[in-house]
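The values are calculated or read from the model by the stated rules, or taken from the named source; none is laboratory data. Keep in mind it's a predicted model, so treat the numbers as computed, not measured. Neighbour counts run over all protein chains shown; Cβ positions are idealised from the backbone, glycine included.
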Amino acid sequence: MTAVRPETGTGTVRPQAAWGWWQRLDATSASMALGVAVVGIVALVALNGNYTGLVVTTGVGYAVVTVGMVAQIGYSHQLAFSQSVFMGLGAYGAALLETRYNQGVLVSMLAVIVGAVVVAYLIGAVVTRAPGLALALATLLLPLFLYELVTYSSYLGTFAGISGVLPLWSGETYAEGMVRTGVVAVIILAVVVWLVMRIMRSGVGLQLMALAADERLAEGMGVNLRKRRLGVFIFGSVLAALGGAIVASAQGIVTPDLVNESAEVTLLIMVFVPGRRNVIAAIVGAIVIEWLSTSTEFISTNLPTFEGALLILVLLIEPDGIVGLCQRGWEAVRRKRVERAVAAKEETA
Amino acid sequence: MTKFLNLLAAGLTSGAIYAIFAACVTLWYRVSNLLNFAVGDFAMIGAIGTALLVQDQHLPFAVAVIIVLVAVALIGWLFDVGVLHYALDRSTRGARVVAVFFYTFGLSLVLEGIARAIFGTDVYAAPPIWGGPASQVLDFHIQHAGVLTIALAVIVGLALWAYLRFTVSGKAVAACGESSLGARIVGISSGVLRRRIFILTAVLAALFGVVESPVTGFVYNSGPSISLIGVVAAGFAAYNKPGRAVLAGLGIGVIEALLGGYVSTQYNDVILYAALFVIIIMRPEILGLGAESDLAGVTV
């Protein structure tokens, strides 16, 4: 069934009643989320709970964090070094609730989200008052602070961390539990992808982009800077906590390595190298770097060297990362093609 | 009182570590408007390189130190020519937080990775320049390496202060930091000056690593955390006064030691980082980032 476009009187549009729910979900965002869910679930089922399946599931946990960073750093240009801290909050929160207080996965996940909102609000209400560089510098201290805290606290397991964290969805065998945990993690990631895309394609997303381009101009246009900065900070931090809880569930253990300053740098590289403004690139970056860090001894030993060199190269050549480079290449090819077509037309004429 | 004095001595020694890095960070920020997160890695290379050349290759200490300092200078030169020259001198983009942080973050990662591959994960310390057991003055224990560390920090702080205040080259450094384009218009070669200062601060950090390593020892990943504290200490000097940066570094070290002695040996760093965090957030103008600052509103 088709209808005539009211504004032009030509062409066809889908009837509102049948596709309204899809349009409300935002077709582009929903398609991307659906794609992520399908590809992820197929891959994890195919891996059947083997070691690579564990690595991919852990990577999906990191991807939840990096997708949040796309919104926070990529679109909103809010550089804060607090993601590993909130990852730690989520991971340690889930681990404590499940191992010390015998709570189930659902309760611990919900508690982690609520806890992250509260902590992010308390920290964000203060840190987002600071101008760009001060915000970055102040949050640089947070990983140092939390790392010292967890390594010396016997309640948090000191250097050994906390083991026995529950899988997101247990199975009869380890492999079955791993596949199920992976599937739940992928579904959470898909929802997060939809949420981030939906926000970025809405009026709020436009406000955030205006804020990123020029704060004074955005303020002049009526954007409430304080409110938007705080909102983005809380949103990114909650996703980081959720990602941390997923990583802890996938691995069954949480250690201080999750929150140190190298973990923060790795997260930044997962976003900057593939492309900080692209959700899919951030997902691929998280999974590939997680896989590289565990693939071979040579790569895992020399990973910092590769990461550092890649970071410098990306910043030098294309700040929008590999995706930006591909887009530039594609634009150049298209331009050449058009030029050739025009030249051929002129010759024919 | 004895406990206080001993804590003060220990605090000044560890504070001298932060002080010298803060001074290096400040001087380079003054000329380039970039933060140097690799300064701790240069110290690590200085300490571990000297230790290995003396212990494994049996080279005389002075020769080993000279070789290491030349190597560090070469790394600094290569990084400036290969990366910073393209990033800053040829770029048309304005100041961005990404540039402020991430070029030297990248260098730090590369140096850390290479150091791990070459040096492994053992703890190294260069041979002490002034050996022997700690001296005792009344009830006050003084480690010789600690004395040298503090002395070097004070000398470097004073020298850099005098350089910026009384020399034409120092004024040129300040001019580059104010406006790279303006400096170029009046005939100052900002790129060359930035390269010289980067190499100078890298060599200073490496030398400091050699002097200080008998106190704490160095591992391949010792650099980033001390660089971070150096950067924060430099922040308290608004990134433009090396002398004040030295004082801030010494102050942070003393507070850290006193917290360890009187509050908690385990949680002294936790309390210190929390206090620094609160100070930066409540008073960002301490970092010289008032609304009128060029970098106050820069974004990614």
Which pairs do you get when a residue that is free of Cβ contacts under 8 Å to residues at least 40 places away in the same chain and part of a helix (DSSP H, G or I), found in region A:314-327, comes within reach of a residue that is surrounded by fewer than 19 Cβ atoms within 10 Å (Cβ to Cβ) and aromatic (Phe, Trp, Tyr), reach meaning Cβ atoms under 7 angstrom, with the pair 6+ apart or on two chains? A:LEU316/B:TYR86
Out of all the residues in region A:304-327, is one or more more than 14 Å from chain B (Cβ to nearest Cβ) and under 25 Å from B:PHE79 (Cβ atoms)? yes
Counted residues, region A:189-232 - those being touching an Asp or Glu at 6+ places or on another chain (Cβ under 6 Å) and within 14 Å of chain B (Cβ to nearest Cβ): 1
Selected residue (only one of A:TYR62, A:TYR92, A:TYR101 is part of a loop (DSSP other than H, G, I, E, B) and either surrounded by fewer than 14 Cβ atoms within 10 Å (Cβ to Cβ) or modelled with pLDDT of 95 or more (or both)): A:TYR101
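Provide a single number: the residues in region B:31-61 that are in a helix (DSSP H, G or I) and either closer than 20 Å to B:ALA115 by Cα or in contact with a Phe, Trp or Tyr (Cβ under 7 Å, 6 or more places away or on another chain) (or both).
Residues that pass the stated criteria total 17.
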Complete set of residues in region A:132-152 that are over 26 Å from the mean Cα position of the chain (by Cα) and at pLDDT 90 or above: A:THR151
Please pick out the residue among B:VAL232, B:VAL263 that is of a type outside the set (Ser, Thr, Tyr) and within 18 Å of the chain's Cα centre (by Cα). B:VAL232
Condition test on A:VAL247, is it at pLDDT 90 or above, within 14 Å of the chain's Cα centre (by Cα), surrounded by 19 or more Cβ atoms within 10 Å (Cβ to Cβ) and more than 20 Å from A:GLY74 (Cα to Cα)? yes
With farther than 24 Å from B:PHE101 by Cβ, buried (at least 23 other Cβ atoms within 10 Å of the Cβ), away from chain B (no Cβ under 14 Å) and at pLDDT 95 or above as the only criterion, which of A:ALA116, A:ALA111 stands out? A:ALA116
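It is to be established whether one or more residues within region B:218-227 are more than 28 Å from B:GLY113 (Cβ to Cβ), assigned to a helix (DSSP H, G or I) and not aliphatic (A, V, I, L, M).
Within region B:218-227, not a single residue is more than 28 Å from B:GLY113 (Cβ to Cβ), assigned to a helix (DSSP H, G or I) and not aliphatic (A, V, I, L, M).
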Residues of region A:262-286 satisfying the condition of being more than 25 Å from A:LEU146 (Cβ to Cβ) and assigned to a helix (DSSP H, G or I): A:VAL279, A:ILE280, A:ALA281, A:ILE283, A:VAL284
Criterion: within 14 Å of chain B (Cβ to nearest Cβ) and assigned to a helix (DSSP H, G or I) - qualifying residue of A:GLY124, A:GLY177: A:GLY124
Loosely packed, with under 15 Cβ neighbours inside 10 Å, part of a helix (DSSP H, G or I) and hydroxyl-bearing (Ser, Thr, Tyr): does that describe A:SER293? no
Within the set of pairs 6+ apart or on separate chains, which have a first residue in region B:255-275 that is more than 22 Å from A:GLU261 (Cα to Cα), a second that is surrounded by fewer than 21 Cβ atoms within 10 Å (Cβ to Cβ), and C-beta atoms under 7 Å apart? B:ALA257/B:LEU7; B:LEU258/B:LEU7; B:LEU259/B:ASN268; B:LEU259/B:ILE271; B:GLY260/B:ASN268; B:GLY261/B:LYS3; B:GLY261/B:LEU7; B:VAL263/B:ILE271
Out of B:PHE61, B:PHE102, sole residue that is at pLDDT 90 or above and hydrophobic (A, V, I, L, M, F, W, C): B:PHE61
Being without any contact (Cβ under 8 Å) to a residue 60 or more places away in the chain and among the β-branched types (Val, Ile, Thr) narrows it down to one residue among A:VAL193, A:VAL223; which is it? A:VAL223
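Kindly indicate which of A:VAL183, A:VAL165, A:VAL223 is assigned to a helix (DSSP H, G or I) and not polar (S, T, N, Q).
A:VAL183
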State which residue is nearest to the other protein chains (Cβ to nearest Cβ) when the search covers only region B:244-269 and only residues that are crowded, with 17+ Cβ neighbours inside 10 Å and modelled with pLDDT under 85. B:ASP269
For B:ILE67, indicate whether it is crowded, with 20+ Cβ neighbours inside 10 Å, β-branched (Val, Ile, Thr) and in a helix (DSSP H, G or I). no
